[in-house]
Amino acid sequence: MPSIATRLETVRRRIREAEKAANRELGSVTLLAVSKMQPVDALQQAIAAGQREFGENYLQEAADKQDELADTTDLHWHFIGPLQSNKTKPAAARFDWVHSVDRLKLARRLDGQRPEGLPPLNVCLQVNISGESSKAGLSPADTETLAGEMLQFERLRLRGLMAIPAPASDPEKQRQPFRALRELLDRLNQRFPLHMDTLSMGMSADLEAAIAEGATIVRVGTDVFGPRPDPATTA
Ligand SMILES: *Cc1c(COP(=O)(O)O)cnc(C)c1O
């Protein structure tokens with residue numbers, strides 16, 4: 001198995017190549033290392049290799065790792081999993097970003113619970129861009145409504161949109177939902193004085209397609225850390 005440092009280098013090279021291929025500025029795409037279900041030791045290896053942005057899906061698991069890594073002060077934590085309304089407090093207090101805001105109630109609670117001593121919480125609205133009935137996220141029309149309502153929240157900074165499109169293997173098919181998300185961001189920026197600058201899209205299997213369509217954050221788990229441990233065998 002390649003080391004995490006080697007895997008990180010490979011993913012960084014893929015990002016650079018994709019930036020070049022799209023005539024984008026080198027360094028314009030942020031790599032978010034998705035460390036859900038990975039032990040703290042794996043995060044430490046990534047930190048030693050220069051990684052500072054981490055994505056987590058489960059609040060309790062994330063809190064344990066954040067406490068263990070409290071001495072590393074320049075880490076940035078992104079919450080990317082589904083968020084229940086009664087769990088917004090730790091999300092507001094312990095994270096720099098929440099990518100999965102998909103209803104007004106969540107936004108209102110995060111705004112109210114963001115601690116005073118911290119800068120506004122960066123948030124993305126999660127969009128169900130492929131229109132799958134099973135998927136979390138707002139329809140494009142509901143995204144527009146919620147984006148307008150976000151202007152009222154002083155403790156939140158609406159940075160952009162996030163999506164997890166249906167998997168596709170053909171690169172042209174992969175690009176289609178990413179393009180739709182970019183066009184939605186452009187429309188919202190024209191309609192509202194929001195100045196959103198973030199498209200959180202692209203994972204291990206489709207980051208090149210996402211970067212070609214304007215991703216500014218790619219969320220990569222497997223290709224950085226290797227396969228996630230199976231909870232059934234490690235519990
Ligand atoms: C797990 C996860 C990822 C990373 O997926 P990989 O296929 O392992 O790269 C990205 N985004 C979200 C929202 C996830 O839950």
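The values are calculated or read from the model by the stated rules, or taken from the named source; none is laboratory data. Just so you know, these numbers come straight off a predicted model, no measurement behind them. Counting neighbours? That spans all protein chains shown, and the Cβs are built from the backbone with ideal geometry, glycine included. Please note that ligands, DNA and RNA were not included when accessible areas were found on the heavy atoms of the full protein model with its side chains. Shrake-Rupley method; radii C 1.70, N 1.55, O 1.52, S 1.80 Å.
Quick one: in segment 205-222, of everything that is assigned to a loop (DSSP other than H, G, I, E, B) and under 18 Å from residue 130 (Cα atoms), which residue is most open to solvent (accessible area, probe 1.4 Å)? Before the answer, list the steps.
Taking segment 205-222 as the starting set, the residues that turn out to be assigned to a loop (DSSP other than H, G, I, E, B) are 205-206, 213-216, 221.
When the remaining residues are screened for being under 18 Å from residue 130 (Cα atoms), the result is 205-206, 213-215.
Working: 205: 85, 206: 26, 213: 5, 214: 19, 215: 0 Å².
Only one residue fits best here, namely 205.
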Would you check which residues across segment 41-59 are surrounded by fewer than 15 Cβ atoms within 10 Å (Cβ to Cβ) and in contact with a helix residue (DSSP H, G or I) (Cβ under 8 Å, 6 or more places away or on another chain) and list them?
-> 48, 50
Those residues of segment 139-163 that are open to solvent by 60 Å² or more (accessible area, probe 1.4 Å) and not acidic (Asp, Glu) come to a total of 5
Residue 35 being surrounded by 14 or more Cβ atoms within 10 Å (Cβ to Cβ), touching a Gly at 6+ places or on another chain (Cβ under 9 Å), in contact (Cβ under 8 Å) with a residue 40 or more places away in the chain and within 30 Å of residue 145 (Cα to Cα) | no
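Rundown of residues vs (1) within 16 Å of the ligand (Cβ to nearest atom); (2) closer than 24 Å to residue 187 by Cβ; (3) crowded, with 19+ Cβ neighbours inside 10 Å; (4) not small (Gly, Ala, Ser), yes/no style:
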{"residue": "79", "(1), (2), (3), (4)": "yes, no, yes, yes"}
{"residue": "86", "(1), (2), (3), (4)": "no, no, no, yes"}
{"residue": "94", "(1), (2), (3), (4)": "no, no, no, yes"}
{"residue": "112", "(1), (2), (3), (4)": "no, no, no, no"}
{"residue": "130", "(1), (2), (3), (4)": "yes, yes, no, no"}
{"residue": "136", "(1), (2), (3), (4)": "yes, yes, no, no"}
{"residue": "167", "(1), (2), (3), (4)": "yes, no, no, yes"}
